[in-house]
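The values are calculated or read from the model by the stated rules, or taken from the named source; none is laboratory data. Because the structure is predicted, anything quoted here is derived from the model rather than measured. All Cβ positions, even for glycine, are placed from backbone atoms using ideal geometry, and neighbour counts span all protein chains on display.
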Amino acid sequence: MSMPFYVAPEQLMKDKADYARKGIARGRSLTAVVCAQGILITAENPSNTLHKVSEIYDRIAFAGVGRYNEFDQLRIAGVRHADLKGFAYSREDVDARSLANAYAQTVGQIFTHEMKPLEIEILVAEITDTPEDDRLYHVLFDGTVVDENHYIALGGDAETVRDRLAEVFGDDGQTMHTALRASVGALAGPDRTLTGDDLEVAWLDRTVEGRAFRRLSDEEVDEILAGTA
């Protein structure tokens, strides 16, 4: 009788984490920045149809990096979760924290019990009445939830992008135009130039009632980057 193959749990978890990190790092980065008028999410994404950033509910947005098919399934599940909760209780009961916790449970279960982990990281962003109370929840590939402040970078070389963003970040009172230029500069780095065609930009606008999510067109992005808007 042959002996069963044994792998220590610590080694198995490490191998899964390394596998997921490598998969996520192969993708392109995105950033989210809190501004005076809302939250700006900027992703390097040349596709016009496969969106990294989407609306979840009235004042809540979803963003994902890594394998598109994996994080898009989570996006769809989040929309259903929010709609059911809003219908059963009230729209005010749908919040980013409960969504992030639901995502964390799903992602954590897959990481622990499945052979292949999800090669994704996701962001759940929610605007409130003031920038100080805005929420940025970062859900990692192993189900860990991190409550971020002011700004965040995910995917690709996220640490380098975050460092660049930290160098130019003003405060939560900056305008959306300033935040967009800073975000694009952090994503591009010193050796590249990104235009509207290379980017996907979405905006959670706290100055409007009801649904706050809006996508910026390539033309709008180019005008802001050029300083003509």
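If the condition is being part of a strand (DSSP E or B) and closer than 10 Å to P131 by Cβ, then the range 33-51 contributes V34, G38, I39. Does A25 satisfy the criteria of being modelled with pLDDT under 95 and closer than 16 Å to D157 by Cβ? So A25 passes the test. Here V146, V201 are screened, and the one residue that is without any contact (Cβ under 8 Å) to a residue 12 or more places away in the chain and in a strand (DSSP E or B) is V146. Given the condition at pLDDT below 95, over 30 Å from E10 (Cβ atoms) and exposed (fewer than 14 other Cβ atoms within 10 Å of the Cβ), answer yes or no: does some residue in the range 150-157 qualify? Scanning the range 150-157, I find no residue that is at pLDDT below 95, over 30 Å from E10 (Cβ atoms) and exposed (fewer than 14 other Cβ atoms within 10 Å of the Cβ), so the answer is no. Screening the candidates L118, L123, L99 for the property of being within 17 Å of the chain's Cα centre (by Cα), at negative phi and in a loop (DSSP other than H, G, I, E, B) yields one hit, L118. Annotation note: Cβ proximity below 6 Å between a residue of the range 42-59 that is closer than 20 Å to A158 by Cα and a residue that is part of a loop (DSSP other than H, G, I, E, B) and among the basic types (K, R) (sequence gap 6+ or interchain) occurs for A43/K52; E44/R28; N45/K52. Beta carbons closer than 8 Å, at least 6 apart along the sequence or on distinct chains, pair a first residue in the range 77-103 that is closer than 13 Å to R59 by Cα with a second that is among the basic types (K, R) and assigned to a helix (DSSP H, G or I) for D93/K85; V94/K85.
Within the range 175-215, the only residue that satisfies the criterion of being surrounded by 19 or more Cβ atoms within 10 Å (Cβ to Cβ) and polar (S, T, N, Q) is S183.
Of all residues in the range 216-229, those being free of Cβ contacts under 8 Å to residues at least 40 places away in the same chain and under 21 Å from V34 (Cβ atoms) number 2. Which one is surrounded by the fewest Cβ atoms within 10 Å (Cβ to Cβ) among residues in the range 62-83 that are among the basic types (K, R) and part of a helix (DSSP H, G or I)? The qualifying residue surrounded by the fewest Cβ atoms within 10 Å (Cβ to Cβ) is R80.
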